[in-house]
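Asks: Starting off with a structure, shown below.
Quick note: the coordinates plus some simple rules give every number you see, no bench work behind them. As the structure is a prediction and not an experimental result, all values here were calculated from the model. Note: ideal-geometry Cβ built from the backbone for every residue, glycine included; neighbour counts use all protein chains shown.
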Amino acid sequence: VNETTAAAPAPAAGDRDADPSVVWSIVHGFTAYWTTVAALRLGVFDALAERPAAVADLAVEAEPDRLGVLLDALVGLGLVHRDADGSYSLGVEADAFLVSGRPRSMRDLLLWSPGPYDCWPALDDAVRHGEPASPVDADPSGSFYLRLVRATFPTQHAVASRVADALANGTDGPRSVLELGAGAAPWAIALLEAFPDARATVNDLPAVLPAAGEQADAHGVAGRVELRAGDYLAVSLEPRAYDVVVLAHVLRAEGDDRARELVGRAAHALAPGGRVVVADYFLDDDRRGPLNALLLGVTMVACTRRGRTFTLARCREWLRDAGLEVAEVTEPLPFQRVLIARAVPAPYERGAA
Ligand SMILES: C[S@@+](CC[C@H](N)C(=O)[O-])C[C@H]1O[C@@H](n2cnc3c(N)ncnc32)[C@H](O)[C@@H]1O
């Protein structure tokens, strides 16, 4: 567990002198975020990817004096280096994640993962009255989700590719995959790439599903994909039909009752011997971490009507109610936990195991 994922226990009042840097580091969470967003919008990372440069030579439209301040802060944040000759160059994370067109780009994720920006100054109202300023789950145009799922695709596709082997389940691999609330369908696409004989049914709301069609085309698997538009709690699903059913980053938007119902629908669609995959930012069972999931819980409160992050124990409960049990929990990339569940074996099968 590294420093950024652990939620350090707060020393009790009176244990030691109070440390003002704790408050400053919270203030600078805000400052660091907007510094990085501004650098991205100004094209700083793309320009430095072309070639290291001093402020005056950087191909960015800006006042050099102000740009220098921004660049020095990026050095402080560990995203950029200042070399001995005064020129700036990209650090390893900025190079991998913040330059346009990189396969693991997190540029759009940086912009959209906090949700609609106007939700944040109104967070206290959302806590007080239960209604966010612009709840993303009440937007029939799906415009926010459309941007978000294009942003999350590279990371989720990488996660899914790393989990594919575990889903072969001692066979040639799944033949039929169902991805519910698929967004741009990173899981279905990665599994179709890993298993050439498989076909996938990909579900999302009508306004968002075109993103899945675009990515399936781009990855050359569109011929094996059926796009099925509709509410995942209402859309028609064949019973006992799918070897793998994926619920990636959907349950935390739903709240307890609807998440339980959705897991039930996934289980109902599962073929004998099949697996349900849940990818999410799970809280530890004591809700003391990881910090990433604790803070994403607040993002859900700020930006959705029902959403919360949830513990692994709560998810096990939903699965148990649906007749499933957890077979494996992995973390293929930092922050990305994936749970693979299967039908609870009948008593005679348990005996044989
Ligand atoms: C956080 S995104 C996750 C997308 C994708 N599973 C991934 O991991 O990249 C949540 C997705 O759930 C979809 N969604 C939300 N409510 C839905 C509903 N009632 N029925 C179907 N999809 C829904 C959203 O449109 C969005 O694509």
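Asks: Need one word for the stretch 14-157: rounded, prolate or oblate. Basis is the Cα gyration tensor (sqrt eigenvalues a ≥ b ≥ c); a/c below 1.5 gives rounded, then a/b vs b/c decides. Intermediate results must be reported in sequence, preceding the final value.
Replies: Numbers: a/c = 2.23, a/b = 1.31, b/c = 1.71.
Oblate shape, in that a/c is at least 1.5 and b/c is the bigger or equal ratio.
Asks: Please find, in a Gaussian network model of the chain (springs between Cα atoms separated by less than 10 Å), the residue of 334, 239, 154 whose mean-square fluctuation is greatest.
Replies: Residue with maximal mean-square fluctuation among 334, 239, 154: 334.
Asks: What trypsin sites (Lys or Arg not before Pro) in the stretch 263-353 are in a loop by DSSP, with at most 14 other Cβ atoms within 10 Å of the Cβ?
Replies: On the way: sites: 265, 275, 287, 288, 305, 306, 308, 314, 316, 320, 337, 342, 350; in loops: 287, 288, 305, 306, 308.
The qualifying sites are 287, 288.
Asks: Run the quick spin-label model on residue 131 and residue 285: label points 7 Å from Cα toward the beta carbon, then report their separation in nm to one decimal.
Replies: That separation, rounded to one decimal, is 3.9 nm.
Asks: Using the number of other C-beta atoms within 10 angstrom as an exposure proxy, rank 31, 330, 299 with the fewest first.
Replies: With the fewest neighbours first, 31, 330, 299 line up as 31, 330, 299.
Asks: May I ask which residue of 74, 56, 25 lies farthest towards the positive end of the charge dipole of the stretch 9-96, with charges of +1 (Lys, Arg) and -1 (Asp, Glu) on Cβ and the Cα centre as origin?
Replies: Towards the positive end, the residue furthest out is 25.
Asks: Right, next: For q = 0.18 Å⁻¹, what log10 I(q)/I(0) does the stretch 114-223 give under the Debye formula with an equal point scatterer on each alpha carbon and no solvent?
Replies: -0.86
Asks: On to the next question. Would the chain count as rounded, prolate or oblate if I go by the C-alpha gyration tensor, calling it rounded below 1.5 in a/c and otherwise prolate when a/b exceeds b/c, oblate otherwise? All intermediate terms of the calculation are to be shown ahead of the outcome.
Replies: Values: a/c = 1.92, a/b = 1.51, b/c = 1.27.
It is prolate, given that a/c is not under 1.5 and a/b is the larger ratio.
Asks: For a Förster distance of 22 Å, can you work out the FRET efficiency between the beta-carbons of residue 197 and residue 240, rounded to the nearest 0.05? Spell out each step's value before the answer.
Replies: Numbers: r = 19 Å, r/R0 = 0.89.
Given R0 = 22 Å and the Cβ-Cβ separation, E is 0.70.
Asks: In which sequence would 233, 109, 339, 283 go, from the one with the fewest C-beta neighbours within 10 Å to the one with the most? Can you show the working numbers first?
Replies: Details: 233 12, 109 17, 339 20, 283 25.
Listing 233, 109, 339, 283 from fewest to most nearby Cβ atoms yields 233, 109, 339, 283.
Asks: Between residue 329 and residue 56, what FRET efficiency comes out of the Förster formula 1/(1 + (r/R0)^6) with R0 = 45 Å and r the beta carbon distance, rounded to 0.05? Could you put the intermediate results ahead of the total?
Replies: Working: r = 52 Å, r/R0 = 1.15.
So, using R0 = 45 Å, E works out to roughly 0.30.
Asks: On to the next question. Expressed in whole Å with the largest first, what are the equivalent ellipsoid semi-axes of the stretch 301-353 derived from the C-alpha gyration tensor as the square root of 5 times each eigenvalue? Before the final figure, lay out each step's value.
Replies: On the way: eigenvalues 162, 48, 8 Å².
Value: 28, 16, 6 Å, ordered largest first.
Asks: Of the residues 219, 157, 28, which exhibits the maximal mean-square fluctuation in a Gaussian network model of the chain defined by a 10 Å Cα contact cut-off?
Replies: Largest GNM mean-square fluctuation: 28.
Asks: The stretch 221-327: D in µm²/s via Stokes-Einstein (Kirkwood Rh, Cα pairs, 4 °C, 1.567 mPa s)?
Replies: Result for D is 88 µm²/s.
Asks: Additional query: Relative contact order for the chain using alpha-carbon pairs under 8 Å, separation at least 6, rounded to a whole percent? Intermediate values should be presented prior to the final figure.
Replies: Values: 589 pairs, mean separation 47.2, N = 353.
Computed over the chain, the figure is 13 percent.
Asks: Place a +1 charge on the Cβ of each Lys and Arg in the chain and a -1 charge on the Cβ of each Asp and Glu, then give the dipole magnitude about the Cα centre in debye, rounded to the nearest 20.
Replies: Details: 33 positive and 48 negative charges, 188 e Å.
The dipole magnitude comes to about 900 debye.
Asks: Rounded to the nearest 0.05, what FRET efficiency do residue 24 and residue 256 give with R0 = 41 Å and r taken as the Cβ-Cβ distance? Could you check?
Replies: Numbers: r = 37 Å, r/R0 = 0.90.
Once the sixth-power term is evaluated, E becomes 0.65.
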